Amino acid sequence: MTALCVLREFSNVGFISPRRAFHGFSDRTKPKAYVLAPRVAVKIQMKPGDLLSVDLISDDQTLMIWAFDQRGETALNSLNLAVTMHLDTQNFDSEEFLSWLRSLGGQDDSNIRCHALSNQSEPVFLKSNADIIVWLASPVSPVDLVDGKASNSVHISHQPSCSSSPMLPNLLGDTRDEFTVKRGSAEAYEVKKGEYIQIIDVQGQQCSDFMAFRAKGLDQNKEWMIDSTATRTMVRGAYPRPGLYDKFFDQDLQPLLNVVQDTCGRHDTFGLACTARGYEERGFPGHLNCSDNMSLALDPFGVQRRSAWPAINFFWNTWIDHNRQQLMTAESYSRPGDYVVMRAMEDLVCVSTACPDDIDPINGWNPTDIHVRIYRPDTPIRRAVAYREKEDAPMSISQESAFHERLAPLTEHFAPARDLWAPVNFPATGALGEYWACRNAVTLQDMSGLRKYDIIGPDAEALLQHALTRNVAKLAVWRGTYTLMCDDSGHVIDDGTLFRLDDHLFRWCCGSEESGRTLTALADEMNLQVRINEMRNSLPNLAIQGPRSRDLLKKICFFQPNVPNLDHMNWFGVSVARMNDRNGAPFMISRSGYTGELGYEVFCAKSHAVEVWDAIMTAGQEFGIKPMGSEALEIIRIEAGLAAANAEFASGIDAFEAGLGFAVDLRKESFRGKDALERNASNPRCVLKGLLFDCDDVPHHGAPLYVGERQVGQITSATRSPSLECAIAMARVLVEHAKNGTVLEVGLLDGRMKRLNATVTDIPFIDPQRKRARA
């Protein structure tokens with residue numbers, strides 16, 4: 001026991017790396033910011049002294065505020081607010097709020113009251129005098145949301161009161177146990193089958209070695225434990241992620257745990273836990289080490305001691321240098337409160353450490369604590385990963401789409417699409433069946449991960465005219481256009497479709513939140529009278545694509561006579577409609593898509609999502625409708641020659657090099673990036689071309705193109721085309737080698753050991769005149 005105490009002492013204290021200082025200590029002093037989109041509700045836990053600031057942005061906005069004590073009783077008086085209205089669930093997406101209310105037991109929805117905050121031209125500050133749970137919602141009717149008449153997003157900031165206690169993430173459910181692993185120490189603990197383990201990096205950039213054993217095996221003196229090599233082989237990756245391949249396996253290929261949530265995304269499964277020998281060989285004999293700490297902690301369970309423990313090292317940032325084939329390491333990506341949640345698939349004995357390494361960057365040169373929580377098996381913890389709009393943005397946990405209730409019974413293969421889970425494929429048909437359904441019949445795809453912004457006000461056109469590459473002044477009401485947003489160098493920031501819904505009302509549907517930040521910055525810089533309304537996930541959308549899409553929609557769309565109907569909607573036309581009749585669910589409909597086929601997209605309120613899905617699927621049965629996932633879409637969009645972010649366009653690639661010159665109107669008087677694009681248009685270095693292969697080998701993104709020994713380009717996207725029955729690719733090629741019919745070689749296996757012959761051709765590969773989409 002004496003040795004154990006010595007190992008848990010820690011002498012090197014007080015040094016804080018510059019990186020750690022940037023992250024800051026998690027001591028409940030850092031405010032958390034929220035952007036509350038129209039119809040969205042958010043829950044915030046407040047303690048005595050906490051401040052809540054609310055900025056309604058515009059005078060005509062309203063914010064609904066509820067407060068409850070720990071017993072679930074109304075506690076608006078704790079914020080010094082009075083009750084002003086009863087619960088109204090029609091004008092916000094209330095499912096999560098009502099579910100939480102009912103989980104308290106005995107709650108009568110009709111008796112729930114709130115405070116309606118409105119007519120505030122300046123930010124409002126609310127201070128809590130008790131432990132309370134606050135719900136906030138931004139009310140908007142579904143019709144106003146679809147029509148683009150919603151108020152702006154509400155900006156909220158939660159400023160915790162000063163406290164010396166750590167700011168741990170909110171509980172995920174009912175805990176059975178929790179404890180802190182002090183820096184430089186280890187703790188062993190038992191977990192029952194079905195229970196959840198949450199390992200939390202309290203202050204950020206702190207590694208934690210982890211190992212788990214089957215309890216049944218230890219009873220038989222057999223150490224069946226996580227095997228990192230077996231795990232990497234089974235999950236086909238360096239580390240299991242929440243989703244399809246989410247498990248840690250033992251040496252017999254039996255799963256021990258599955259990863260449910262991960263907010264960091266960078267962990268190590270390659271190296272050993274730190275060892276005494278490793279420190280000795282660097283001149284630090286007697287240094288604390290995780291391997292010895294793990295042996296001591298596991299000793300009561302009869303586990304044989306080791307001088308070097310294999311381990312899963314959570315939050316340790318490692319990777320393989322592909323040029324030198326070396327294991328590399330750097331400071332951790334984890335931030336205060338980052339965590340991993342795993343579910344035990346067997347009765348387990350586990351051990352967790354708080355790594356003592358203070359001579360390397362892995363802990364930011366300042367080791368800190370790790371916190372562990374164990375949740376009971378009936379805790380409903382959904383799978384999720386962290387999503388951040390940019391490096392310093394607040395973290396959000398991936399959500400289920402508004403259509404998930406209908407998607408979940410059809411597939412278990414989901415992948416993150418920004419902050420939402422999106423289906424990859426559907427086993428009943430498979431990606432190939434979905435592909436042919438889109439080519440020959442009709443498909444339905446959840447595209448809710450798209451970002452949407454409403455740009456409203458007398459200077460809306462002026463802002464968009466400056467920000468986008470098309471001539472927005474020529475865009476009529478009820479029309480849309482595909483266009484680009486570039487920086488001053490002509491590099492593409494984002495692409496998307498701009499719809500004009502009224503003289504001073506536009507809707508921008510794009511791929512990235514960088515669009516919103518750019519528009520906001522430009523509006524401030526130009527001192528324009530305009531409002532940029534970020535819709536977040538309050539306007540989910542579906543893509544209905546394929547030659548029978550119009551036939552399907554004619555069965556269910558009701559249009560008022562003052563807006564375009566399906567017969568009036570040409571390519572990139574837009575309108576508003578209702579489902580089935582004048583009292584049906586409202587939605588926006590556009591003749592657009594990402595497939596090159598005839599197709600439409602519908603946008604609706606979250607509360608109507610399931611109703612809209614059901615109506616489309618029911619009406620589509622006679623036309624052979626199939627749900628489609630991202631795997632089939634990727635094949636189709638490459639055949640259609642449609643560009644994708646981080647493939648055809650990325651940082652350092654201008655619009656012409658990305659093959660998007662058709663979306664640039666250099667006749668416009670001015671727009672951001674025009675000077676650079678004019679200069680580059682007359683003297684391009686490379687162009688985007690298609691490649692037809694004489695084989696079915698599909699090269700990877702970034703694979704080099706050669707003429708002899710000289711590289712002349714690289715692959716941006718590739719797939720096997722079911723229609724052409726060969727591999728195809730889009731590639732960025734030097735202009736000297738971009739003539740149609742030129743035969744190039746694509747290099748695989750380091751570009752030298754294997755070559756694929758490919759012939760340069762135009763894109764798109766199928767329907768080059770876009771006749772299908774225009775049909």
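Summary of computed values
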item	result
Inter-residue pairs, beta-carbon under 8 Å, first touching a residue at least 24 places away in the same chain (Cβ under 8 Å) and not assigned by TED's automatic domain parsing to the domain that holds residue 618 and in the stretch 549-568, second assigned to a loop (DSSP other than H, G, I, E, B) and of a type in the set (Ser, Thr, Tyr), 6+ apart	none
Residue match in the stretch 367-388 (condition: small (Gly, Ala, Ser) and under 25 Å from the mean Cα position of the chain (by Cα))	yes
Residue that is farthest from residue 482 (Cα to Cα) [pool: residues in the stretch 752-766 that are more than 32 Å from the chain's Cα centre (by Cα) and either crowded, with 17+ Cβ neighbours inside 10 Å or free of Cβ contacts under 8 Å to residues at least 60 places away in the same chain (or both)]	753
Hey, residue 237 assigned by TED's automatic domain parsing to the domain that holds residue 340, within 21 Å of residue 208 (Cβ to Cβ) and either without any contact (Cβ under 8 Å) to a residue 12 or more places away in the chain or surrounded by fewer than 17 Cβ atoms within 10 Å (Cβ to Cβ) (or both) or not	yes
Residues that are in a strand (DSSP E or B) and either β-branched (Val, Ile, Thr) or on the phi > 0 side of the Ramachandran plot (or both), drawn from the stretch 578-598	589
Cβ-Cβ under 8 Å pairs, at least 6 apart or on other chains, the stretch 166-180 side of a type in the set (Gly, Ala, Ser), far side at pLDDT 90 or above and surrounded by 14 or more Cβ atoms within 10 Å (Cβ to Cβ)	173/196; 173/375; 173/376; 173/381
Residues satisfying the stated conditions in the stretch 291-325, i.e. among the polar types (S, T, N, Q) and within 22 Å of residue 364 (Cβ to Cβ)	291, 293, 313, 317, 318
Whichever residue in the stretch 259-280 is among the polar types (S, T, N, Q) and under 20 Å from residue 387 (Cα atoms) and, among such residues, is surrounded by the most Cβ atoms within 10 Å (Cβ to Cβ)	263
Residues being over 21 Å from residue 93 (Cβ atoms) and in a strand (DSSP E or B) - total across the stretch 56-80	1
Enumeration of residues in the stretch 599-611 that are within 24 Å of residue 435 (Cα to Cα) and either assigned to a loop (DSSP other than H, G, I, E, B) or free of Cβ contacts under 8 Å to residues at least 24 places away in the same chain (or both)	none
Any pair with Cβ under 6 angstrom, 6 or more apart, that starts in the stretch 690-711 at a residue that is assigned by TED's automatic domain parsing to the domain that holds residue 738 and ends at one that is part of a strand (DSSP E or B) and charged (D, E, K, R)	696/720; 698/720; 706/745
Residue count for the stretch 532-568, restricted to those that are surrounded by fewer than 22 Cβ atoms within 10 Å (Cβ to Cβ) and farther than 20 Å from residue 142 by Cβ	12
Residue check for residue 636: farther than 25 Å from residue 38 by Cβ and within 23 Å of the chain's Cα centre (by Cα)	yes
Qualifying residue in the stretch 406-421 (condition: closer than 14 Å to residue 543 by Cβ and touching a Leu at 6+ places or on another chain (Cβ under 7 Å))	no
Filtered residues of the stretch 97-106 (kept if surrounded by fewer than 16 Cβ atoms within 10 Å (Cβ to Cβ) and modelled with pLDDT under 85)	99, 102, 103, 104, 105, 106
Residue 283 being on the phi > 0 side of the Ramachandran plot, buried (at least 18 other Cβ atoms within 10 Å of the Cβ) and not assigned by TED's automatic domain parsing to the domain that holds residue 418	no
Residue 206 being buried (at least 23 other Cβ atoms within 10 Å of the Cβ) and farther than 30 Å from residue 531 by Cα	yes
Residue that is aliphatic (A, V, I, L, M), touching a strand residue (DSSP E or B) at 6+ places or on another chain (Cβ under 6 Å) and outside the structural domain of residue 631 (by TED's automatic domain parsing), where the choices are 749, 677, 666, 756	756
Residues located in the stretch 435-469, provided they are in contact with a Cys (Cβ under 7 Å, 6 or more places away or on another chain) and surrounded by fewer than 24 Cβ atoms within 10 Å (Cβ to Cβ)	450, 451
Of all residues in the stretch 624-682 being part of a loop (DSSP other than H, G, I, E, B) and among the aromatic types (Phe, Trp, Tyr), the one that is nearest to residue 548 (Cα to Cα)	656
Selection within the stretch 37-80 - in contact (Cβ under 8 Å) with a residue 60 or more places away in the chain and small (Gly, Ala, Ser)	37, 41, 49, 53, 58, 67
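The values are calculated or read from the model by the stated rules, or taken from the named source; none is laboratory data. Predicted model, so just to flag it, every value in this text is computed and none were measured. We place every Cβ from the backbone using ideal geometry, glycine too, and count neighbours over all the protein chains shown.
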